[in-house]
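Below: the structure, in structure tokens.
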Amino acid sequence: MDELGIIEQGVDWRTRLGQDIRDCMTNDILFSLQTKLQSTSTTLIDLQKVAARIEERIHTIASDYGDYLRRICLTRGDLDSYDVFLNDCQRQQASIRSSILLHQENKQGVLSNQVALNYHKEHSHPYEKDMISKLPNDLVQHIMSFLSMREAVRTSVLSHWWVNQWTFLKSIQLNIYWFHMDREKFSSFLDKLLLSRVHADAPMDTFELKSFAIDRANCWINHAIKHNAKVLKFAEYGKWEPFYLDPNLVELSSRYLETLELTNVALDATIFSQLANSCPALQNMLLTDCLLEVEEISSSSLKNLDIIDCYILKDLSISTPSLVSLCIKNERTDNSSFRNSYLIFATVIIIDASSVSSMELLAMDRQFTFVEKDGGEPMFKNLRNLSLGLWCINNMFSPLRRFVRHSPMLRMVTLRISPLDWKSHLTKEHQEMLISIRDRRGLILYIDWY
């Protein structure tokens, strides 16, 4: 690097990039994160570690020094959106409080009249007493399972007996939005809830959590796994850096876990290795808006895999012999510079999906291919429905023809394309080839305009 900070062409820029420059970039990212949390507590998360992870990630995926600087700048692109959102939450909270006060004032006269009338009432019929509290606890818990978490919490005001009944529900669903984004109250409430369940040895079927910039979420997730949750759902606030699922704090080892849904989470190879080797009952995985720092997803038990709007930072291979449904698509409509700092072109390679019957490969920022089996055996022998994006038109629909050739049971092909792309990319020869592919196999061909 010369005195102007320019790295000469042909020189490995990473080896010439001084640690002092990287530290400076990390500090810039740290300042941006602190700015985002200026209206709330920063004690619940180690921002220095978050900033270091962001810099390291960008340093790894950047193609050159200029790209490195560009991506660092992009991470600072969405700072105003959080403050706007938080102000909206505060206004909503004030509005709710005003409504409650007004409601209480309006009811004051009515309540006093009712009390006067009740004073002269005869004793109520014995069957009007609280009979639900007399039911067995298991039956009460079954009845409460039909309530949402917020409705169940409200039962605590009925009587002293009801105060803690909701804490023993088998399904735990908590959302930081219910706490008006107050991270400290949310964290304290959840710690106390899980501690009370430990003392009562309460079973757990479902654990669903929507959080925001709280490191302890790793411990909460681990708690759910250790208490045999069958369904685990976790979402990080969308305007914040993807939550790092730390393999040192979360041990994804469970013979009970069947469904895993993650939103805005950063996942590395260690996490996927645990899922492959230590979760034999896992059948459903939904990843939305996640960062995948992994080269392989493999599982002998997985049946449904959905990867929606995720950033795949390395070429990814998929080996899932029991898979029935595979969906990898990009539905992202925003143009977030913060998210685009992680945007790269990656290839998804299907190694084994011999049982899959439905497949959607619609992400625009990546290429899809598969490894052919030895002996000419068709790769997708059970595939019946196939949806592909614009990427499949290359070389006169060569990718589409290859998928069709290896799918003897295929009945329907959907091509998702915009009218503009159809007009600008598909020539008359392309259209004739598409018709030929359809007619040769007797396929149902559907064009999905968007």
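The values are calculated or read from the model by the stated rules, or taken from the named source; none is laboratory data. Since this is a predicted model, take the numbers as computed values, not measurements. Glycine gets a Cβ as well: all are built from the backbone with ideal geometry, and neighbour counts include every protein chain shown. Ligands, DNA and RNA are stripped out before the accessible areas are found, and what is left, the full protein with its side chains, is counted by its heavy atoms. Shrake-Rupley method; radii C 1.70, N 1.55, O 1.52, S 1.80 Å.
Points worth noting:
- Pairs from the list Lys49/Lys233; Lys381/Lys423; Lys170/Lys314; Lys226/Lys303 with a Cα-Cα gap above 30 Å: Lys381/Lys423; Lys170/Lys314.
- The 1.4 Å probe gives accessible areas that order Met25, Met364, largest first, as Met364, Met25.
- Ligands, DNA and RNA left out, the accessible area of the range 18-77 computed with a 1.4 Å probe is 53% carbon and sulfur.
- Separation of the alpha carbons by more than 19 angstrom is noted, of Lys192/Lys239; Lys36/Lys239; Lys230/Lys329, for Lys192/Lys239; Lys230/Lys329.
- Of the listed residues Leu415, Leu30, Leu286, the order by accessible area with a 1.4 Å probe, largest first, is Leu286, Leu30, Leu415.
- Per residue solvent-accessible surface (Å²) - the range 18-77, probe of 1.4 Å: 47 Å²
- Across all Cα pairs in the range 18-77, the calculated P(r) in 10 Å bins from zero up to the longest distance comes to 23, 54, 20, 4 percent per bin.
- Packing rank of 16-22, 235-241, 266-272, where each peptide gets the mean count of other beta carbons within 10 Å, highest leading: 235-241, 266-272, 16-22
- Note on Trp178: accessible area is roughly 80 Å² with a 1.4 Å probe, heavy atoms of protein only.
- Size of electric dipole in the range 18-77: Cβ of Lys, Arg +1 and of Asp, Glu -1, about Cα centre, debye, nearest 20: 240 debye
- Accessible area of Cys73 in the full protein assembly, 1.4 Å probe (Å², nearest 10): 80 Å²
- For Ser387, the residues whose amide H sits under 5 Å from its own are Met359, Glu360, Leu361, Thr414, ignoring neighbours fewer than 5 places away on the same chain, with H placed 1.01 Å from N.
- In the complete set of protein chains, residue-level accessible area for Ser300 is approximately 90 Å², probe 1.4 angstrom.
- Shape call, the range 310-450: gyration tensor on alpha carbons, a/c limit 1.5: oblate
- Arg71, Arg416, Arg216, ranked by accessible area, largest first (probe 1.4 Å): Arg216, Arg416, Arg71
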